[in-house]
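The block underneath contains the structure these notes are about, expressed in structure tokens.
Here, each number is a calculation from the coordinates, and none is a lab measurement. Predicted model, so just to flag it, every value in this text is computed and none were measured.
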């Protein structure tokens, strides 16, 4: 009899579906949570979380932060941003959530409501903004225009400072624009196409 239960842990990037209703609702893999003083990110080869770097300064992510499985930022994402290339990582997502989540390395379902078109060292590095499915405090949010101004500014400040050099006062990051739900869906679809191209070219 065939064993219906997997014996090995699914790779968070390749082995998990972004969801049947993607991009309206997406499955996310969360790497870091508010309060983390170390930046964790997925090890692409093994699928385990690894330490990317300690957060050397006072900024920590204000919301849950991770990526959408089976996405990739390459040519299609770069076209939308008007640059030559994507950053070569899965598509990042930030998830607004009322309740404290103590650790990453978890899956959740979220509703994309907008995004930030971020350019990092000349490469497209979009950040999708989403709301935890069924969240009591943020569940009313339908698009980026519904996010309280202070919370959106806090998020922008995090991304504008998380690579800031105190010595030079410079950062390689630029937020070119922000966009609403429809554009976020377009970005997610483009990243899924980039992923399909990545997989087909690897065979």
Multiply the residue gap between residue 59 and residue 160 by 0.36 nm, knock off their C-alpha separation, and tell me the result in nm, one decimal place. 35.3 nm
Considering the Cα positions of region 59-138, please state its Rg to one decimal place and its Dmax as a whole number of Å. 13.5, 40
Note down the relative contact order for the chain as a percent, whole number, built from C-alpha pairs under 8 angstrom at least six residues apart. 22
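What shape does region 142-203 have by the C-alpha gyration tensor, where a ≥ b ≥ c are the square roots of the eigenvalues, rounded means a/c under 1.5, and otherwise prolate means a/b greater than b/c and oblate the rest?
Cα axes put region 142-203 in the oblate bin.
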Would you mind pulling out the separation of the Cα centroids of region 70-115 and region 136-191, in Å? 11
Diffusion coefficient, µm² s⁻¹, Stokes-Einstein with Kirkwood Rh over alpha-carbon pairs of region 24-96 at 4 °C and 1.567 mPa s: 96
With a 10 Å cut-off between alpha carbons and a GNM built on the chain, which of 154, 117, 181 moves the most? 154
